Amino acid sequence: MDGILFEVVAKNGELKEVEVTGRISLASDNSKRTHCILLDVTEQRRADQQLRLAAKVFSNTGEGVMVTDHSCQIVSVNQAFSTILGYGAEEVIGKTPRFLRSGQHELPFYDAMWQEIKQQGVWQGEIWNRHKQGNLVPEWLTITALTNEHGEVENYIGVFADITKLKASQAELDYLAHHDVLTKLPNRRKFLNNLEFTLSHVKRSQKPFALLMLDLDRFKDVNDSYGHAAGDEVLLNAAKMIKDALRENDMVARLGGDEFAILIEDLHLVTDAAQVAQTIISTISKPQMLKDNRAVSVGCSIGIALYPEHGTDSEILMQHADSALYLSKKKSKGTFEYFTADMTESALQRMQIEADLKLALTNDELRVFYQPQVILGSNQIKGAEALIRWQHPIKGLLAPNHFIGIAEDSGLIADIGRWVLNETCRQAKVWYDQGFTQCVYAVNVSPKQLAYTNLLEVVMDALQATGLPAECLELEITESGLMGVGEEAVSLFESLRGLGVRIALDDFGTGYSSLSYLKTLPIDVLKVDKSFVDDIPYNEQGMQIVNTIIAMGHNLGLKVLAEGVEEDVQKRFLQLKGCDYYQGYLMSRPVPAEEFEARCLSLTSKF
Ligand code: C2E
Ligand code: MG
Ligand code: MG
């Protein structure tokens, strides 16, 4: 007979569950006796409860559970097991889990797994099993060996979670980390991985391959004038055109911005790379029609580095293709260049100069030299051209051709240009105050300064800070430099002239020399390029050109100055043809301010 359960409080205050059974008997004197047996069932009840709980967890958990005996025969599985793998309990009990194997793992994988279970009693890891329907299921599995009191394994319990979703998001993450979102092309990281992979494979075979670095020309213009949506469309088109020009096995990646990298394997001839480059350049250079029917025209330049000729590791190859690209852009856009050893040398030098140049301003290493500009006929000094020099701590005095280009590329030109302007105005004001009020000082302005700084503001600041009258300042801009800046330059020059500042067109004759263009420009002085002056007196044609430029300039109401006059015969010819001014070694080389003051200004009458 089952007893009745009671909760009782023991003497020590502990709550206990007891099962009470009792019996009533008759004693010999016929009196009734009650016999009670109190059985403490507290522990047993607790264990029962836990067992029920475990059973609930077993059947309700989202993780698949499989229990086997010591010989790996399945003794039970839970509902989640069936949901994840498709098998009902009745189909699997009595079998070993081997039938779940996916074929994704080699035998050593399972050997290592069992080895660990034997040694540690537990194994955890990722495993692929096969669903009843045949598809693969990635699982995160923990197998635990359960032993009895003698240390013998009685059961193995496998608990696993289905990580299909996790895997999918991992794959997506992986995709995002290795691809460019816009073009869907591999990105820099993936490109470098592939490059490393290719390198490790060709190390033995030494099979040549080519690394091409490609940069779109005029892409910034498209972005600036048509907007980013148009820019994106151009990038997408470019990506497609590049892909179309490549074979299946070649790889193209977008490194960022408008820069792409291409890997061409299995080169039969070294010239194969050039052929691919040329095809890409020709297609990308064709005008493109955008979705909104606007036509845009971009182009591209390409640098090529070859393995193993130009480098045997990824970093060097990338660097060398980059140097070649840089040069092809510099020389003329829309072309390709192979890497050459000179490029590294010059790239290294450029980097060094750029680093030094950053310090030049703060270390007060820049100087302005002055070269007199002379009025033909009178030998009076009209003023001077301010020419920058760099007193390099190790290399000595450097001429601008060593560093202006680098300053332009790196953006340092903004600060350097401002400094030259301020320093020249400051010095000019000193001379102005000494009485040389008619002298005009010409400062060179880089086209990059027009693009990246507010030149009008910079000029107004310099004039205001130094007190130099605007009439004493002239700005020189090269004819070729003007081509890129367009319409805005016209209004900028008008504003500058409105202040009283003069504008000179430098190196005239070397650019487009378009007369109709010249008419639209608000300028004051034409500077005939030295290369034409050099032709005097031996080259008839050159002399004719000088003659024409002078006449043409005068027709347009401009003053004409001849540059680079070294010989007296040149000066006489120019004077004869009515040229207004000259500048050149014949009169003086560019010299420091003190020397200019002592030797040249003294020739000028004070007004
Ligand atoms: P540029 O403006 O055409 O300056 C004239 C150049 O010709 C100067 O070279 C000058 O020294 C040189 N020269 C003058 N007369 C003769 C001559 O009779 N014979 C020979 N062989 N050369 C002569 P420099 O000073 O080396 O300047 C070179 C160029 O660097 C300048 O050409 C100018 O474009 C640029 N530059 C100079 N200073 C600055 C500056 O402050 N800012 C910018 N952006 N560019 C500058
Ligand atoms: Mg100049
Ligand atoms: Mg010049």
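The values are calculated or read from the model by the stated rules, or taken from the named source; none is laboratory data. Everything quoted here is computed from the prediction, not taken from an experiment. For neighbour counting, all protein chains shown are included, and Cβ atoms are generated from backbone atoms with ideal geometry for every residue, glycine included. Just the protein is used for accessible areas: all its heavy atoms, side chains included, with ligands, DNA and RNA removed. Shrake-Rupley method; radii C 1.70, N 1.55, O 1.52, S 1.80 Å.
For the range 155-198, the residues whose amide N sits under 14 Å from a probe point set 7 Å from the Cα of residue 124 along the beta carbon direction are 159-161. The residue among 142, 257, 373 whose Cα reaches farthest toward the positive pole of the charge dipole of the chain, with charges on the beta-carbon of Lys, Arg, Asp and Glu, is 142. Amide H to amide H, with H built 1.01 Å from N, residue 336 comes under 5 Å of 302, counting only residues 5 or more places away or on other chains.
Taking the Cα centre of the range 61-167 as origin and assigning +1 to Lys and Arg Cβ atoms and -1 to Asp and Glu Cβ atoms, the resulting dipole is close to 440 debye.
Taking the longest Cα principal axis of the chain as reference, the axis of helix 540-555 is set at about 90 degrees. The residues 114, 431, sorted by heavy-atom accessible surface at 1.4 Å with ligands and nucleic acids left out, run 114, 431 from largest to smallest. Using the Cβ-Cβ distance between residue 454 and residue 539 with R0 set to 56 Å, the FRET efficiency works out to roughly 0.85. For residue 116, the solvent-accessible surface computed with a 1.4 Å probe is close to 80 Å², ligands and nucleic acids excluded.
When only Cα pairs under 8 Å and 6 or more residues apart are kept, what is the percent relative contact order across the chain?
Numbers: 1002 pairs, mean separation 43.6, N = 607.
Answer for the chain is 7 percent.
Cross-link reach is defined here as a Cα-Cα straight distance under 30 Å, omitting same-chain residues fewer than 8 places apart; for residue 243 the lysines meeting it are 167, 184, 190, 203, 207, 220, 286, 291, 329, 330, 331, 333.
The angle between the Cα long axis of helix 42-60 and the main principal axis of the chain comes to about 50°, on a 0 to 90 degree scale. Ranked by the mean number of other Cβ atoms within 10 Å per residue, highest first, peptides 255-267, 488-500 order as 255-267, 488-500. The amide H of residue 373, built 1.01 Å from its N in the peptide plane, has 382, 383, 384, 385 as neighbours under 5 Å, considering only residues 5 or more places off or on other chains.
Model label points for residue 83 and residue 487, set 7 angstrom from Cα along the Cα-to-Cβ axis, are 6.7 nm apart.
Estimated translational diffusion coefficient (Stokes-Einstein, Kirkwood radius over Cα pairs, 4 °C, 1.567 mPa s) of the range 447-601: 78 µm² per second. Could you tell me how far the Cα centroid of the range 416-446 sits from the Cα centroid of the range 233-247, in Å? Taking the Cα centre of the range 416-446 as reference, the centre of the range 233-247 is 52 Å away.
The listed residues 310, 268, 201 rank as 268, 201, 310 when sorted by accessible area, largest first, using a 1.4 Å probe. Normalised by 2.2 N^0.38 Å, where N is the number of residues, the C-alpha radius of gyration of the chain stands at 1.73. If the segment from residue 73 to residue 111 were pulled out straight at 0.36 nm per residue, it would be longer than the present Cα-Cα gap by 11.9 nm. Sorting 153, 501 on solvent-accessible area from highest to lowest, probe radius 1.4 Å, gives 153, 501.
Just for the chain, what percent of DSSP beta bridges are antiparallel, to the closest 5? List each step's numbers first, then the result.
Working: 82 of 107 bridges.
Within the chain, antiparallel bridges account for around 75 percent of the total.
Think of each Lys and Arg Cβ as +1 and each Asp and Glu Cβ as -1; about the Cα centre, that makes the dipole of the range 4-46 roughly 140 debye.
Straight-distance candidates among the lysines for linking to residue 32, with alpha-carbon spacing under 30 Å and chain neighbours fewer than 8 residues away dropped: 11, 16.
Arranged from highest to lowest average of other beta-carbon atoms within 10 Å per residue, in what order do the peptides 415-425, 590-600, 11-21 appear?
Taking the mean over residues of other Cβ atoms within 10 Å, the ranking is 415-425, 590-600, 11-21.
In this simple spin-label model, placing a label point 7 Å from the Cα along the Cα-to-Cβ direction at both residue 247 and residue 221 gives a separation of 3.6 nm. Evaluating 6.51 cos²θ - 1.76 cosθ + 1.60 at θ = phi - 60° for every residue in the range 75-86, the Karplus couplings come out as 10, 7, 9, 9, 5, 4, 4, 5, 5, 6, 10, x Hz, glycine and proline recorded as x.
Farthest toward the positive end of the dipole of the chain, out of 290, 304, 401, is the Cα of 290, where the dipole comes from beta carbon charges about the Cα centre. Give me the base-10 log of I(q)/I(0) for the range 180-339 at each q in 0.10, 0.15, 0.20 Å⁻¹, Debye formula, one uniform scatterer per Cα, rounded to two decimals. Treating every Cα as an identical point scatterer, log10 I(q)/I(0) equals -0.34, -0.74, -1.27. Taking every protein chain into account, the accessible area of the chain amounts to 53 square angstrom per residue (probe 1.4 Å). Label point of residue 285 set 7 angstrom out along Cα-Cβ; within the range 234-251, amide nitrogens under 16 Å from it belong to 242.
Computed with the Debye formula from one identical point scatterer per Cα of the range 536-583, without solvent, the log10 of I(q)/I(0) at q = 0.17, 0.21, 0.25, 0.31 Å⁻¹ comes to -0.43, -0.66, -0.92, -1.29.
Note down the Stokes-Einstein diffusion coefficient of the range 4-46 in µm²/s, whole number, using a Kirkwood radius over alpha carbon pairs, 4 °C, and 1.567 mPa s.
109
Per-residue SASA remark: residue 131, around 30 Å² accessible (1.4 Å probe; ligands, DNA and RNA not included).
For the pair residue 5 and residue 392, label points projected 7 Å from Cα toward Cβ lie 9.5 nm apart. Compute the long axis of helix 271-285 from its Cα atoms, compare it with the longest principal axis of the Cα atoms of the chain, and write down the angle in degrees, 0 to 90, nearest 10. It works out to around 80 degrees.
Annotation for the range 148-181 versus the range 187-206: alpha-carbon center distance of 30 Å. Taking a ≥ b ≥ c as the square roots of the eigenvalues of the Cα gyration tensor, an a/c ratio of 1.5 or more together with a/b no larger than b/c marks the range 391-495 as oblate. Put a plus charge on the Cβ of each Lys and Arg, a minus charge on the Cβ of each Asp and Glu, and nothing anywhere else: the dipole of the chain about its Cα centre is then about 640 debye.
Across the accessible surface of the chain, with the other protein chains kept in place and a 1.4 Å probe, carbon and sulfur atoms take up 53 percent.
Long-range amide H contacts for residue 78: which residues qualify at under 5 Å (H placed 1.01 Å from N, peptide plane, sequence gap of 5 or more or a different chain)? Long-range HN contacts for residue 78: 65.
The phi torsions of the range 321-334, fed into the Karplus equation with coefficients 6.51, -1.76 and 1.60 and a -60° offset, translate into couplings of 5, 5, 4, 5, 4, 4, 5, 5, 5, 5, 5, 7, 5, x Hz, rounded to whole numbers, with Gly and Pro shown as x. Compactness of the range 61-167, taken as the C-alpha radius of gyration over 2.2 N^0.38 Å, stands at 1.03. The fraction of Cα-Cα pairs per 5 angstrom bin, counted from 0 for the range 368-446, comes to 3, 14, 21, 22, 16, 12, 8, 4, 0 percent, rounded to whole percents.
Tell me, in nm to one decimal, what length is gained between residue 178 and residue 56 on full extension, where the rule is 0.36 nm per residue of separation less the Cα-Cα distance? Spell out each step's value before the answer.
Details: separation 122, 0.36 × 122 = 43.92 nm, distance 4.45 nm.
Going from the current span to full extension adds 39.5 nm.
Note on residue 309 and residue 17: the extension gain reaches 96.3 nm, defined as 0.36 nm multiplied by sequence separation minus the Cα-Cα distance.
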